[in-house]
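One structure is given here, and the rest of the page talks about it.
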Amino acid sequence: MIKEAEHTVLKARDLSIGYKRSGICPKIVADQINIDLHAGELVCLLGPNGSGKSTLIKTLAGMHAPLGGNISLFGDSVQELRPKDIARKLSTVLTDRITIGNLDVFTLVSFGRSPYTGWLGSLREKDEQVVRWAIE
């Protein structure tokens with residue numbers, strides 16, 4: 001099924017991913033990547049350990065700078081967006097183990113509201129409603 005361009009959430013063109021290393025050439029993990037992800041799609045990314053899956057996801061999410069190419073999120077360049085603006089439109093769940101202690105479900109889900117709260121992270125009634133909706 002062909003999707004309309006206005007439903008494209010994330011697009012990458014001629015993307016090169018990898019790591020910049022000081023004093024030596026960058027380590028390219030993969031290149032010439034072209035992706036169009038559309039609203040409502042479910043996408044599975046498979047590959048062996050060390051093949052660049054996490055590097056690709058982190059690059060698409062703006063957590064790693066691309067070595068080349070362009071990435072757009074809802075038509076805006078990821079490289080030009082502020083992290084807070086990316087976080088309001090995109091979330092990632094990676095396999096890194098994070099130790100955060102004992103949290104109840106409400107508190108854990110409420111972390112997803114951090115791009116919308118002030119620097120203290122205080123939830124307003126609207127934020128609490130969104131958290132309850134997400135849990136339900």
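Since every read-out is calculated from the coordinates, none of them should be taken as a lab result. Nothing here was measured: the structure is a model prediction, and the numbers come from that model. Because the Cβ atoms are built from the backbone with ideal geometry, glycine has one as well, and the counts that use them run over all protein chains shown.
General remarks:
- Average Cα contact separation per residue, segment 1-68, under 8 Å, 6 or more apart, as relative contact order %: 37
- Pairs of Cα atoms nearer than 8 Å and 6+ residues apart set the relative contact order; for segment 65-129 it is 23 percent.
- Descending by average beta-carbon neighbour count within 10 Å, the peptides 120-128, 75-83 line up as 75-83, 120-128, the highest first.
- At 0.692 mPa s and 37 °C, Stokes D of segment 57-136 from Kirkwood alpha-carbon radius, µm² per second: 226
- Relative contact order [Cα under 8 Å, 6+ residues apart], the chain, whole percent: 21
- Shape of the chain, Cα gyration tensor, a/c cut at 1.5: prolate
- Its Cα centre serving as origin, the chain has a Cβ charge dipole (Lys and Arg +1, Asp and Glu -1) of approximately 480 debye.
- Principal-axis tilt of helix 125-135 within the chain, Cα atoms, nearest 10 degrees: 70
- In a DSSP loop and with at most 11 other Cβ atoms within 10 Å, the chymotrypsin sites (Phe, Trp or Tyr not before Pro) in segment 49-130 are TRP119.
- Calculated [θ] (222 nm, deg cm²/dmol) that DSSP helices of n ≥ 4 give over the chain, each run adding -39,500 (n - 2.57): -6500 deg cm²/dmol
- 20 Å Cα-Cα reach of LYS58 towards lysines, excluding residues that sit fewer than 8 places from it in its own chain: LYS11, LYS20, LYS27, LYS84, LYS89
- Zone of ILE98's modelled label, taken as backbone nitrogen in segment 35-70 under 20 Å from a point 7 Å along Cα→Cβ: 53-65
- Restricting the trypsin sites (Lys or Arg not before Pro) of segment 1-107 to loop positions (DSSP other than H, G, I, E, B) with no more than 11 neighbouring Cβ atoms within 10 Å leaves ARG97.
- Judged by the gyration tensor of its Cα atoms, with axes a ≥ b ≥ c, segment 96-136 is oblate; a/c meets the 1.5 cut and b/c is at least as large as a/b.
- Distance (nanometres) between label positions extended 7 Å along Cα→Cβ at ARG13 and ASP36: 1.2
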